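The values are calculated or read from the model by the stated rules, or taken from the named source; none is laboratory data. Since this is a predicted model, take the numbers as computed values, not measurements. Cβ placement follows ideal geometry from the backbone for every residue including glycine, while neighbour counts extend to all protein chains displayed. SASA here: full protein model, heavy atoms, side chains in, ligands and nucleic acids out. Shrake-Rupley method; radii C 1.70, N 1.55, O 1.52, S 1.80 Å.
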Amino acid sequence: MINVYDFFCGCGGASYGFQSAGMRIMLGIDNDPDAAATFKRNFPNAHFVQKDIREIQPQDLEEYVDRTVPMLFCGCAPCQPFSKQNKKKKIIDERINLLAEFGRFVAYYRPDFIFVENVPGIQNFPLNEGPLADFCLLL
């Protein structure tokens, strides 16, 4: 069994896929109250933290993490800063660094598996620069 910890979980679309593949959903994290209500309904046996990831320390999640079984950390950070679909992009968007926030938890817990959404625009930074390159340095 693999335990899944879903960061930026929204209503739990990625978690649903992992659960369908036989994995156990342990925790969802999102700051959106509507996402929280939906995730809790979709995964009543999972824990939920409704908070901005920038306000959470890795140690705050210790009570939810079971280190005796393989762990998968899912980090589908908001893609709007990178997506071509976002026609109202800001030059400076504070969400660009959310992948690094997820990286703090990866560095602390060293999960067995990491799942990150592939948003084509996240690769549009110069080679060895930007959020994806910085995240890869953690591995």
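Give me the accessible area of V49, 1.4 Å probe, in Å² rounded to the nearest 10.
20
If I model a spin label as a point 7 Å beyond the Cα along the Cα-Cβ vector, how far apart are those points for Y64 and N45 in nm?
So the two model labels end up 1.7 nm from each other.
Rank D60, D6 by accessible area, highest first, at a 1.4 Å probe radius? Can you show the working numbers first?
Details: D60 75, D6 5 Å².
Per-residue accessible area, sorted high to low, gives D60, D6.
Would you mind getting me the FRET efficiency between M1 and F115? Use the beta-carbon distance for r and R0 = 25 Å, nearest 0.05.
Values: r = 16 Å, r/R0 = 0.65.
Efficiency for this residue pair is about 0.95.
Would you pull out the residues with amide H under 5 Å of G28's amide H, same chain only if 5 or more places away, H placed 1.01 Å from N?
D6, H47, F48, V49
Long-range amide H contacts for I2: which residues qualify at under 5 Å (H placed 1.01 Å from N, peptide plane, sequence gap of 5 or more or a different chain)?
Under 5 Å from the amide H of I2 lie the amide H atoms of R24, each far enough along the sequence or on another chain.
When the solvent-accessible surface of protein heavy atoms is calculated with a 1.4 angstrom probe, in what order do R41, R54 fall, highest first?
On the way: R41 200, R54 95 Å².
Greatest to least solvent exposure: R41, R54.
For segment 31-78, what is the convex hull volume of the alpha-carbon atoms per residue, in Å³? Don't skip to the end; give the middle numbers.
Values: hull volume 4.8 nm³, N = 48.
Spelled out: Cα convex hull of segment 31-78, divided by residues, is 99 Å³.
Ignoring everything but the protein chains, give the 1.4 Å probe accessible area of I2 in square angstrom, nearest 10.
40
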